[in-house]
Structures are given as C-alpha cells and as structure tokens.
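The values are calculated or read from the model by the stated rules, or taken from the named source; none is laboratory data. It should be emphasised that the depicted structure is a prediction, and the values quoted were computed from it without experimental measurement. Note: ideal-geometry Cβ built from the backbone for every residue, glycine included; neighbour counts use all protein chains shown. We work out accessible area using only protein heavy atoms, side chains counted, and drop any ligands, DNA or RNA first. Shrake-Rupley method; radii C 1.70, N 1.55, O 1.52, S 1.80 Å.
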Amino acid sequence: VTQGKVISIEPNPFNLRFLLLNLRINRLLQKVNIVNKAAWSKSGELIPMAFNPAESGKTTLLVSKRRKDSQKFYAKTITLDETIQPYTNEDDLFLIKIDVEDSWKDVFEGLNKLPKRTLIIAEIPDFKKGKLLLKRLGFKRIVLLDYGAIKYVVASTIPEALPYSLIN
C-alpha cells in the first residue's frame, strides 16, 4: 500500500495478535487502522463467537452448540457506516472486501451511508438475496464470480467501474 488507508475489522483476539505481528514484520502498522470488533447491523452490541485455535480463520457466530475444541468469546459490534465514516472523502474510491459468509445480511444492514464511489467484494452464499440488498443500498452493477465452492459478489456504485476482464 503506497497511498490510502486500510481498515481491518478483526473481532477474534487470537487472530488479532497474528495480524499485529504480521503488520509489524512488514512495516505496515502505520498504514492499517485495526478495529477489534465485529462488523454488524448495529453498533455496541455484544455477540457470542467461537473459534478453534487450530483453524482460527473459521471464527463463527455462536448460534448453535459449539464443538468441544472451540473457544468462546464475546465481540463488541460496529456498523460498516461507523467504521468507514472517518475515512470517506467524496473523491476517493472506497474498496470493501468482506469475508463474513453467512452473516453477510447482518453486516450489510449496517451500511446505509454508502460512499459515492464504492466497490465491494464479498462472499455471499445467496446471490439473488444479496443482489437485492446491494441494489437497495445503491449499488449499480452487481456480478457473481463463481469459483465452484466459493462464490464472490462484486458490486460497484459506478456502473463502469468493473472491468469486463473481471466479470467475463
């Protein structure tokens, strides 16, 4: 990153330690604003989460009985609006990459003050429902990138912002 700012939302305290270490090693700590919260539809709530230290990238909401090898923690929530508001500028292109899988609807409900020039890349399992929500939020062009087991939605507030090489 030579220009701009990166905002990283990481609710998992175990992963947060590795993120900080990685940023220090690569001398990027000054370029990244770390938010140790969970992106959600409302700010200030506490939501139960769980993760397995052997697979910490699979942090999940604790909505069902957790496995014995999982560690439970509570994460304070923050909306995407509240997260990005201090960094938005009318002329900037804002890129949001989200990996929240099944929580996508709850996370996007916290994005109501969309920056004018925004591009989102997100793993959304239900493309039809995701497309409807993204259109309601103000996205003009929404495409599905299908990689078999993983499907990403790429959405832009600027119709011409998605290169055809990306979507064809």
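Filtering the range 136-155 to residues that are under 18 Å from Leu95 (Cβ atoms) and of a type in the set (Phe, Trp, Tyr) leaves Phe139, Tyr152. Within the range 131-160, residues that are within 13 Å of Leu111 (Cβ to Cβ) reach partners that are of a type in the set (D, E, K, R) with beta carbons closer than 7 Å, at six or more positions or on different chains, in the pairs Leu133/Lys105; Ala155/Arg141; Thr157/Lys116; Thr157/Arg117; Thr157/Lys140.
Checking Lys151, Lys135 one by one, the residue that is at pLDDT 85 or above, open to solvent by 20 Å² or more (accessible area, probe 1.4 Å) and not in a loop (DSSP other than H, G, I, E, B) is Lys135 and no other. The set of residues in the range 1-59 being modelled with pLDDT of 90 or more, part of a loop (DSSP other than H, G, I, E, B), of a type in the set (Lys, Arg) and loosely packed, with under 14 Cβ neighbours inside 10 Å consists of Arg27, Lys42.
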